[in-house]
Amino acid sequence: MSAPNPSTDEKDRVVHEIDGIEEYDNQLPRWWLYSLYLTMVFAAGYWFVYHSGGFADQPLQAYQAELQKKAKSTGTVSPELLAALANDPAVVEKGKQVFTSTCVACHRNDGGGSVGPNLTDDFWLHGGTPDKIFKTVSEGVPDKGMPSWKPQLGDERVQAVTAYVLTLKGKNVPGGKPPQGTRDGTLSQNP
């Protein structure tokens, strides 16, 4: 029996040679290739199930619930909490009910403003950020005729109405009161 000539087998496998360094065309082991293909199929399936099955919303919902729980336990209200509440349909609906029963007299049913300012444009007298809107609703602006609503409504309903007002912001309803206040640090032309 003759042994195979190693130099002949190596010559057949050499892809190219540069500066005396030979590069061989070695095939990858099948177990490695099968692992790669299985991982790719799993990743595609996981991505499809995660994004189409509603699992992507779970971390966001858990974060919003944690913010609400933290606000209740510490009594602090952050802009992030108010923005999260504005994305919660149940809180926004509760805020709409509070708005309808307490705020419509001055701000109209659609938020366009009558005695009070228009809440649907981008101009705000006392700041349009979530925390400033919350402060305006809870503490009021006595010299402008806006009462402090926190004593009558409590924290939870003030947060809900703030969340609802945040959903009105930027809608620019037809027939709304002309802009008042500031937007991006500039005064409106129709105070």
Chain lengthening between residue 126 and residue 97 when straightened (0.36 nm per residue, less Cα-Cα): 8.1 nm
Heavy-atom SASA rank of 162, 167 (probe 1.4 Å, accessible area, largest first): 167, 162
Starting from segment 89-191, pick out the trypsin sites (Lys or Arg not before Pro) whose DSSP state is loop and whose Cβ has at most 10 other Cβ atoms within 10 Å. none
Pair residue 61, residue 143: separation of 7 Å Cα→Cβ label points (nm): 4.7 nm
Could you work out what % of the accessible surface of segment 94-175 is carbon and sulfur, using a 1.4 angstrom probe and leaving DNA, RNA and ligands out of the count? 55 percent
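From largest accessible area down, sort 51, 16; use a 1.4 Å probe on the protein chains. Provide the component values of the computation, followed by the final result.
Values: 51 105, 16 75 Å².
The ordering from most to least exposed comes out as 51, 16.
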Shape metrics for segment 83-163, restricted to C-alpha atoms - Rg then Dmax, Å: 11.6, 33
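The values are calculated or read from the model by the stated rules, or taken from the named source; none is laboratory data. Because the structure is predicted, anything quoted here is derived from the model rather than measured. Methodologically, a virtual Cβ is constructed for each residue, glycine included, from the backbone with ideal geometry; neighbour enumeration extends over all protein chains shown. Ligands, DNA and RNA are excluded from the accessible area calculation, which covers all protein heavy atoms including side chains. Shrake-Rupley method; radii C 1.70, N 1.55, O 1.52, S 1.80 Å.
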